[in-house]
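Read the structure below first, then the notes.
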Amino acid sequence: MIVRSIVTDAPQGGVQIESRDMDYSSFPVILKPILTGICGTDRGIVNGALPFAYNPHGENRLILGHESLSMVISAEPNQYNIKAGDIVVPMVRRPGKCLNCLIGRSDNCSDGQKHEAGVTGLHGFMRDEFGDFPEYLVRVPGNRKDDIAVLTEPVKNVEKVFEVLDIISRRSIFTDSSGAYDGKRAVIIGTGSEGFLFALKSMDYGFSTGITNRHPLDSTKAKLVEDTGMGFYDYARAGIREENGIDLLIDTSGDPGTVLRFLGRMNNNGIVVLFGTNGKAQPAQVDGEILGSIVEKNLSIVGSVDGARIHYEGALQDIYQWKAHYGKAIETMITARLRPDDTGIFLKKPADEIKTVISWE
Ligand SMILES: [Zn+2]
């Protein structure tokens, strides 16, 4: 069938709308996207800044899109009970053959043979229709179609990071006497959509939470900060006192200089999670004093990427819990809703963007 799709040529980049003849006969489930989200990864691929992105084997185009809320059009009978009319979020990573992949944890793939839809060797979801397998579809509870459910994919990254935190924090008494994180302080570097999502989860844990960037916030983001009760400071202007005493640091910037700056402000037993990547960031130097402080303070520094089915399911719980708790404030995270042919959005990020989505309906 002929399908309209948004394509690039990875890793060189570029973006265009293309009508492609796709054969979905090997897929038991046929789906239609409702919304797809755009993130820094998509723009990185289009700008040719992500050398790890590549086209499917033997093809000269990659269909973009890894954040999707989709509807099942048709499905062969399956043990996952996925059926026509279901609202689902398709998983991004698809397993290779390593043991972690075989147990459903391709997020922890040990040999790099996994693929990621819309990023590495597998077509993404930015097309009028796509075929898939039921084991990679996560059903939205109650088949709800809320726009914010398109945030499930970025929130699953958050769920995975907090799983990592749960594991690492067991090495010492990290909580207060009641087992809560109240009184502990979390700082999230970066005020993009992922930064806000990390901050919301951090507040759920009871951390006193602030997000930080080196610029003042625009009015949409400032209002979200105010409505949710998280803190914000501009680290280019803030005094050193505001930066001190961090128990949990999560980086979404991928900028080594920024991470090192905050590393010096960590409390004993602090945990640093690196999530952002930026292969073109300026280098920064690690000296003996920094290494010494990591040792003396018992710091844990850990990277975290992607998430498994359990994290997608947790993400949907988070999203609906936040909607119940914060109401409309969460919906303000969707800052623009565009048509598929508005491909200029991949080249220029709107100044007030938190999450831009493309509507396929
Ligand atoms: Zn693997």
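Throughout, read-outs are computed from the coordinates displayed, never taken from laboratory work. Just so it is clear, the model here is predicted, and its values are computed rather than measured. Quick reminder, even Gly has a Cβ in these numbers, built from the backbone with ideal geometry, and neighbours come from all protein chains shown.
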When DSSP beta bridges are limited to those with both residues in the stretch 157-303, what percentage is antiparallel, rounded to the nearest 5? 0
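When the convex hull of the Cα atoms of the stretch 43-118 is projected onto a plane and the area is averaged over all directions, what value comes out in nm²?
Numbers: hull surface 27.0 nm².
So the mean shadow area of the Cα hull is 6.8 nm².
Counting pairs of alpha carbon atoms under 8 Å apart in space and at least six apart in sequence, what relative contact order in percent does the stretch 157-303 give?
Numbers: 237 pairs, mean separation 29.9, N = 147.
Once normalised by length, the contact order is 20 percent.
Looking at the chain only, what percent of DSSP beta bridges run antiparallel? Nearest 5 please.
Details: 32 of 61 bridges.
Of those bridges, close to 50 percent are antiparallel.
Mind putting a number on the dipole of the stretch 60-173 about its Cα centre? Charges go on the C-beta only, +1 for Lys and Arg and -1 for Asp and Glu, and I need it in Debye to the nearest 20. Intermediate values should be presented prior to the final figure.
Numbers: 15 positive and 16 negative charges, 65 e Å.
That gives a dipole near 320 debye.
I'd like the per residue volume of the convex hull spanned by the Cα atoms of the chain, given in cubic angstrom. Before the final figure, lay out the partial values.
Values: hull volume 53.3 nm³, N = 361.
Cα convex hull per residue, to the nearest whole number: 148 Å³.
Translational D (Stokes-Einstein, µm²/s) of the stretch 89-183 at 20 °C and 1.002 mPa s when Rh comes from the Kirkwood sum over C-alpha pairs? Let's see the in-between values first.
Numbers: Rh = 16.0 Å.
Diffusion coefficient, whole number: 134 µm²/s.
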Who wins for biggest fluctuation among Asp132, Asp21, Asp146 in a Gaussian network model of the chain, springs between alpha carbons below 10 Å? Asp21
Dipole of the chain [Lys/Arg +1, Asp/Glu -1 at C-beta], most positive-end residue of Ser106, Pro28, Gly314: Gly314
Tell me, how many Å apart are the Cα centres for the stretch 300-360 and for the stretch 150-223? 15
From the residues Val164, Gly124, Thr152, which one has its Cα farthest along the dipole of the stretch 118-197 in the positive direction, the dipole being from +1 and -1 charges on Cβ of Lys/Arg and Asp/Glu about the Cα centre? Val164
Could you work out, for the stretch 1-91, what percent of all Cα-Cα pairs fall into each 10 Å distance bin, beginning at 0 Å and stopping at the bin that holds the largest distance? 16, 40, 33, 11, 0
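Could you give the alpha-carbon Rg of the stretch 157-303 over 2.2 N^0.38 Å, rounded to two decimals?
Working: Rg = 14.6 Å, N = 147, 2.2 N^0.38 = 14.7 Å.
Rounded to two decimals, the normalised Rg is 0.99.
Explain nothing, just the number: dipole magnitude of the chain about its Cα centre with +1 on each Lys and Arg Cβ and -1 on each Asp and Glu Cβ, in debye rounded to the nearest 20. Please list the in-between numbers first.
Working: 39 positive and 47 negative charges, 40 e Å.
Value, rounded to 20: 200 debye.
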Kirkwood hydrodynamic radius of the stretch 129-224, from inverse mean 1/r over distinct Cα pairs, in Å: 15.9
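Please report His57, His325, His115 as a ranked list, fewest other C-beta atoms within 10 angstrom at the top and most at the bottom. Could you put the intermediate results ahead of the total?
Details: His57 8, His325 13, His115 19.
Ranking His57, His325, His115 by Cβ neighbours within 10 Å, fewest first, gives His57, His325, His115.
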For the stretch 216-278, listing GluC sites (Glu not before Pro) in a DSSP loop whose Cβ sees at most 13 other Cβ atoms within 10 Å gives none
When averaged across all projection directions, what area in nm² does the alpha-carbon convex hull of the stretch 240-318 cover? 6.6
Projecting the Cα atoms of Ile188, Pro283, Gly270 onto the charge dipole of the stretch 157-303, where Lys and Arg contribute +1 and Asp and Glu -1 at Cβ, the residue farthest towards the positive end is Pro283
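Hey, which of these cross-link pairs are over 18 Å Cα-Cα: Lys156/Lys323; Lys145/Lys223; Lys156/Lys201; Lys160/Lys297; Lys223/Lys323? Present the calculation step by step, with values, prior to reporting the outcome.
Values: Lys156/Lys323 16 Å; Lys145/Lys223 25 Å; Lys156/Lys201 11 Å; Lys160/Lys297 25 Å; Lys223/Lys323 16 Å.
As for pairs spanning more than 18 Å Cα to Cα, those are Lys145/Lys223; Lys160/Lys297.
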Across Val302, Val161, Val46, the residue with the highest GNM fluctuation in the chain (Cα network, 10 Å cutoff) is Val302
How high is the relative contact order of the chain? Use alpha-carbon pairs under 8 Å, at least six apart in sequence, and give a whole percent. 19
Most exposed to least, judged by fewest other Cβ atoms within 10 Å, Phe232, Phe346 sort to Phe232, Phe346
Cα-centre dipole for the stretch 157-303 with unit charges at Cβ (Lys and Arg positive, Asp and Glu negative), debye to 20: 160
Amide H contacts under 5 Å for Asn78, placed H, 5+ residues apart: none
